[in-house]
Amino acid sequence: MSQFHSTLSRRDFMKALGLAGAGVGAMSAATSVFHDVDELTTAGTVQKQPWWVKECDFKKPTVPIDWQTLPKMDGIFPYQSAPTLTPQERFAMGIPGGAAGTWASPEQSQVLQDYMKKEFPGWEPGYLGMGDNRTTALFMAAHFMRMGMWPGEIQMGGKRINVQAAILKAGGTPFYWSFLGLRSSETLRPQDFGVPRWEGTPEENLQTLRQVVRFFGGNEVGAQELDADIFKFYHKKNLGKDLVIENVDEPEETATKMVIPSSAKYILQWTARQPYESSRRQAGEYEDAAVYWAYQRFPLVTALIQEFIYALGYKVVSTHMTGYHTNPIGTLTGMGEHCRMSSPVLTPKYGTTNRAMWVIITDMPLASTKPVDFGVYEFCKTCGICADSCPFGLIEKGEPSWEATQPGSRPGFNGWRTNTTTCPHCPVCQGACPFNTDGNGSFIHELVRGTVTNTTVFNSFFANMEKTLGYGRKDPRDWWDMEDYSYGINTRY
């Protein structure tokens, strides 16, 4: 059979199962009808969204934004200061150290340990405060060159060499990615040979970049035209330098500012999947191999995508560390919706285990993608599982607010804000989100998601069902004996 067609509605399917009671009947009526397999995906579009995802108007995501009063932030990350004690000093003093490494205080480390012992009876912390020796070693390996940072002292040619110190001494930066990109001496451009650059329609260009993103290990792409409203989400400074748009021919970086040419008015955003099973088993930095595996791989992918666009002959800059612009832009480009956790964008297929934190600006014309609605903003009003799971009570409960309710947060949108000034980035909440559930495309999970997209009637029931059926976080000890996917990612779904 070369093609499968079905006109079976969900109502009829549930009746066939003998489950068409009043509640289930209403639930099936709230969702759409299968007419053809082609309708289950948005075939012919660059963004390959599931059937239950709806599009919104441009600049009108599900979270309300007051563009008139939305402020531009200074550009200082609202994170707590790193503890002054090293893991060795903590260990020597008998303090439960390393539970979240650079983020957690000794007191927070103790809270996390107590939390884990209660959640998983018999669990004991390792020598650095969280995971056992194997888990800690896995984190150490994934921690290498995280966030795009050059390594410090490493073994090279029988000597201990501090790579980062050498690069800094030569006038470089701690990171291998940069505003202007790598611009390797080995990268050649068409104009270097008097050859016209490759030209495509905005749709072709976005599809081209999606193919490149996926080639390097990313997932989906979105795009948006940069205007004065959206530029408000970019912090005023990038790594201490003013971030400005000027009428110049080429992007430039000086000692005091980073200049985006006014002709570079297209934003490219892309996502990357984080290992699913290990994401459900992390609580504290020394258990966060899943997080740091993403932080190790994907800053390099950003640099490579930037290099690809540059090699095509276009202008391109990376604003990777300009602050909290990536998450709000993710709601505008259709990467996902604003959620109660507030720090991540919650994505349709992979919840909070799909990172939408990489943004590039270019003059390569790109077709804009629309915000999406799959019921998350409304579902989060009822659910609150992430807030209940937070060991420190830092995720807001209750209704969304227009106010800047947390230190360093932004007003001007009706949403939630997490207190990142004291958050130790454990990240228990990330593994607890119901939308993380890897249903492998199963009918029941898609039925639930299709229902959530269309009605809020069953949100409370679904949130309780999530708790009852035991989805969410899992014991970190059992990961070592399971058959996980390569890179921890099931690419069939």
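The values are calculated or read from the model by the stated rules, or taken from the named source; none is laboratory data. These figures come from a predicted structure and were not determined experimentally. Cβ placement follows ideal geometry from the backbone for every residue including glycine, while neighbour counts extend to all protein chains displayed. Just the protein is used for accessible areas: all its heavy atoms, side chains included, with ligands, DNA and RNA removed. Shrake-Rupley method; radii C 1.70, N 1.55, O 1.52, S 1.80 Å.
Data for the structure
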quantity: Some residue of the stretch 161-170 being touching a Phe, Trp or Tyr at 6+ places or on another chain (Cβ under 7 Å), outside the structural domain of Ala303 (by the TED database), at negative phi and polar (S, T, N, Q); calculated: yes
quantity: Phe193 under 26 Å from Thr254 (Cα atoms) and of a type in the set (A, V, I, L, M, F, W, C); calculated: no
quantity: Those residues of the stretch 400-426 which are within 23 Å of Gly472 (Cα to Cα) and at pLDDT 90 or above, in sequence order; calculated: Trp416, Arg417
quantity: Lone qualifier among Ala82, Ala104 - being assigned to a loop (DSSP other than H, G, I, E, B), modelled with pLDDT of 70 or more and out of contact with any Lys or Arg (no Cβ under 8 Å at 6 or more places or on another chain); calculated: Ala104
quantity: Which numbered condition Arg183 misses (of (1) of a type in the set (D, E, K, R); (2) assigned to a helix (DSSP H, G or I); (3) open to solvent by 40 Å² or more (accessible area, probe 1.4 Å)); calculated: (2)
quantity: Conditions (1) assigned to a helix (DSSP H, G or I); (2) farther than 16 Å from Pro344 by Cβ; (3) among the β-branched types (Val, Ile, Thr): number failed by Val291; calculated: (2)
quantity: Residue count, the stretch 201-235 (criterion: assigned to a helix (DSSP H, G or I), among the charged types (D, E, K, R) and open to solvent by less than 30 Å² (accessible area, probe 1.4 Å)); calculated: 1
quantity: Of all residues in the stretch 288-300 being open to solvent by 10 Å² or more (accessible area, probe 1.4 Å) and more than 11 Å from the chain's Cα centre (by Cα), the one that is farthest from Leu112 (Cα to Cα); calculated: Leu300
quantity: Matching residues, the stretch 261-281, being open to solvent by less than 30 Å² (accessible area, probe 1.4 Å), in contact with a helix residue (DSSP H, G or I) (Cβ under 9 Å, 6 or more places away or on another chain) and under 18 Å from Thr362 (Cα atoms); calculated: Ile267, Leu268, Gln269, Trp270, Thr271
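Yes or no, residue by residue, for (1) more than 13 Å from the chain's Cα centre (by Cα); (2) open to solvent by 40 Å² or more (accessible area, probe 1.4 Å):
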| residue | (1), (2) |
| --- | --- |
| Asp249 | yes, yes |
| Glu285 | yes, no |
| His320 | no, no |
| Tyr350 | no, no |
| Trp358 | no, no |
